[in-house]
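Structure first, commentary second.
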Amino acid sequence: MWSSYVSATALSTANNYMMKSDTTFTHTYRAYLKTSECGKLKLKFWCSNLVDSTWADGSESRANLLGGLWKIEAAYIADGGKLPDGNVVEGTQIPVTFDSSMSKMVLPGETFWSDAAEITIPKEHYLAFSWTITTLAAGDSFPYNTEAPLVSAYDTPGHAAGQTSADGFRISANSLVLPDFIGCEREGAKRLAFLGDSITQGVRTRPDTYEYWVARIAEGLAPAHSVWNIGSGWARAYDAASDGAWLHKAKHNDEVVIALGVNDIGTAGRSAPQVLEDLQTIVDKLKGSRTGMTVILCTVPTFNFSGLQELAWRHVNQAIRSHTIAGVDRVFDIAKLLSQAAPRDNLLMPAYLSEGDDPHPNGKAGSAIAAAFLSWY
């Protein structure tokens, strides 16, 4: 299946959290996506009932955590129109089925594909994906992405996947519930994945603008390349090095760009040798997964580190620039692009800070990184 379907969007749908509830519930989720192509599209959706990466300190959700037992009651794609306002264009809804059934029981840890569904998305219109999910037990149920959403997303209690209007839907708060892979049938495109944390995901950039660096690179490389963004907020290199659900996604690509280390150093307090060992493991696993796999390793972006964290960051980046990690085909120095001049190169350039002096790169930084990457690539 992976051979004929490529990623249809630059939006990351990686999972870093698990839905939890004291009771069972039925709920509908709707999201609006900008697709890499417009016109007639043949789509398939792949789902994984596993968490990809660790959230925060790992006490709430962690990599490879199995989802519970839940049921897809119904799922639809539709022309979302030019405004992602909760409505979909009347008469454009297409059911998404699973083995020819409208519903699908999902087992803990299960991965599965939908059937193919065809839809026409006019230029400058959004693809809307809606599904109704029922949990079958209290506690952990389905994985999702928790973060300020990068796209317009809505939800409502009950069965509303087939509803065309926005009536009853509310703007989703810090949750994006989507299939893990939104695939479009297309032959010949080179598959390029970006494996990283929130900086790769695009966190803190403006919703629905696709102004983060990976999205701009995807636009610049289309249609010869298909970009699958699997950036995940709070993710660590050791999540990927565990060779679980997250790295499994990366292995289905021809080339993988790795941009990890910020949360290992800043949140988990990992030492430079530990981070380098995990990066080496990731490269080894990727290179061993398929013949001809190409790996690009990014330096660790600055995150305004200081003290021992700054020392670890400098050590890791010196090793990356020196090609200490075996098997890496090319190194992209993203840290140099984002940093102030030495000796203050541990600090992000002020113009690239997100609102509130947040060191997540903003849209201006996204443009600068993408331009440099496209020229270099």
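The values are calculated or read from the model by the stated rules, or taken from the named source; none is laboratory data. This structure is a prediction, so every number in the text was calculated from the model and none was measured. Here Cβ is always computed from backbone atoms with ideal geometry, including for glycine, and neighbour counts include all displayed protein chains. Heads up: the accessible areas ignore ligands, DNA and RNA and are worked out on the full protein's heavy atoms, side chains in. Shrake-Rupley method; radii C 1.70, N 1.55, O 1.52, S 1.80 Å.
What number comes out for the charge environment of ASN346, summing +1 per Lys or Arg and -1 per Asp or Glu over other residues with Cβ under 11 Å away?
Values: positive: ARG314, ARG344; negative: GLU310, ASP345.
Local charge sum for ASN346: 0.
Averaged per residue, what accessible area in Å² does the range 275-377 show with a 1.4 Å probe, protein chains only? Before the final figure, lay out the partial values.
On the way: 4810 Å² over 103 residues.
That works out to 47 Å² for each residue.
Can you return the lysines within cross-link range of LYS190? Criterion is Cα-Cα under 19 Å, with same-chain partners fewer than 8 residues away left out.
The reachable lysines, counting only those whose Cα sits under 19 Å from LYS190, are LYS42, LYS44, LYS249, LYS251, LYS287.
Roughly speaking, to the nearest percent, how much of the chain's 1.4 Å accessible area is carbon and sulfur? Can you show the working numbers first?
On the way: 7230 of 14320 Å².
Roughly 51 percent of what the probe reaches on the chain is carbon or sulfur.
Net charge within 15 Å of GLY292 by Cβ-Cβ distance, Lys/Arg positive one each and Asp/Glu negative one each, not counting GLY292 itself? Intermediate results must be reported in sequence, preceding the final value.
Values: positive: LYS190, ARG191, LYS251, LYS287, ARG290, ARG330; negative: ASP254, GLU255, ASP329.
Taking every Cβ under 15 Å from that of GLY292, the sum is +3.
Among bridges DSSP assigns within the chain, what percent are antiparallel (round to 5)? If you can, show how the numbers build up before the last one.
Details: 56 of 73 bridges.
Around 75 percent of the beta bridges assigned by DSSP in the chain are antiparallel ones.
Residue by residue through the range 196-205, what is 3J(HN,Hα) from phi via Karplus (6.51 cos²θ - 1.76 cosθ + 1.60, θ = phi - 60°)? Round to whole Hz and write x for glycine and proline.
With coefficients 6.51, -1.76 and 1.60, one gets x, 9, 5, 5, 6, 4, x, 4, 5, 7 Hz.
Would you list, by chain and number, the lysines whose Cα falls below 22 Å from the Cα of LYS364, excluding same-chain residues fewer than 8 positions away?
Partners within reach: LYS34, LYS336.
What per residue convex hull volume, in Å³, do the alpha-carbon atoms of the range 229-361 yield?
Values: hull volume 13.9 nm³, N = 133.
Roughly 104 Å³ of hull volume per residue.
Label ARG290 and GLU60 with points 7 Å out from Cα along Cα→Cβ: what is the distance between them in nm?
The answer from the label model is 3.4 nm.
Under 12 Å between alpha carbons, and skipping anything fewer than 8 positions from LYS123 in its own chain: which aspartates and glutamates qualify?
GLU37, ASP79
Please compute the net charge surrounding TYR144, taking Lys and Arg as +1 and Asp and Glu as -1 over other residues with Cβ under 14 Å from its Cβ. Can you show the working numbers first?
On the way: positive: LYS20, ARG30; negative: ASP52, GLU60, ASP140, GLU147, ASP155, ASP180.
With Lys, Arg at +1 and Asp, Glu at -1, the neighbours total -4.
Measuring from centroid to centroid over Cα atoms, what is the spacing of the range 341-377 and the range 30-78 in Å?
Rounded to whole Å, the Cα centres lie 29 Å apart.
Counting alpha carbon pairs within less than 8 Å and at least 6 residues apart, what relative contact order, in whole percent, applies to the range 121-175? Could you put the intermediate results ahead of the total?
Numbers: 37 pairs, mean separation 22.2, N = 55.
40 percent.
Go through 168-177, 235-244, 41-50 and give me the packing order, highest mean Cβ count within 10 Å leading. Write down the numbers at each step before the final one.
Working: 168-177: 15.7, 235-244: 24.3, 41-50: 21.5.
Highest to lowest by the protection proxy: 235-244, 41-50, 168-177.
Starting from 0.36 nm per residue, how many nanometres of slack lie between ILE171 and LYS364 once their C-alpha separation is accounted for? Can you show the working numbers first?
Numbers: separation 193, 0.36 × 193 = 69.48 nm, distance 2.65 nm.
That pair, ILE171 and LYS364, stretches by 66.8 nm at full extension.
Once you keep just the Cα pairs under 8 angstrom separated by 6 or more residues, what percentage relative contact order results for the chain? Provide the component values of the computation, followed by the final result.
On the way: 976 pairs, mean separation 72.7, N = 377.
Once divided by the residue count of the chain, the mean separation gives 19 percent.
Given a cut-off of under 8 Å on Cα pairs at least six residues apart, what relative contact order in percent is computed for the range 112-218? Before the final figure, lay out the partial values.
Values: 77 pairs, mean separation 28.1, N = 107.
Dividing the mean separation by the residue count of the range 112-218 yields 26 percent.
Take every DSSP beta bridge whose two residues both sit in the range 100-230, then give the antiparallel share in percent to the nearest 5.
Numbers: 3 of 8 bridges.
Antiparallel bridges: around 40 percent, rounded to the nearest 5.
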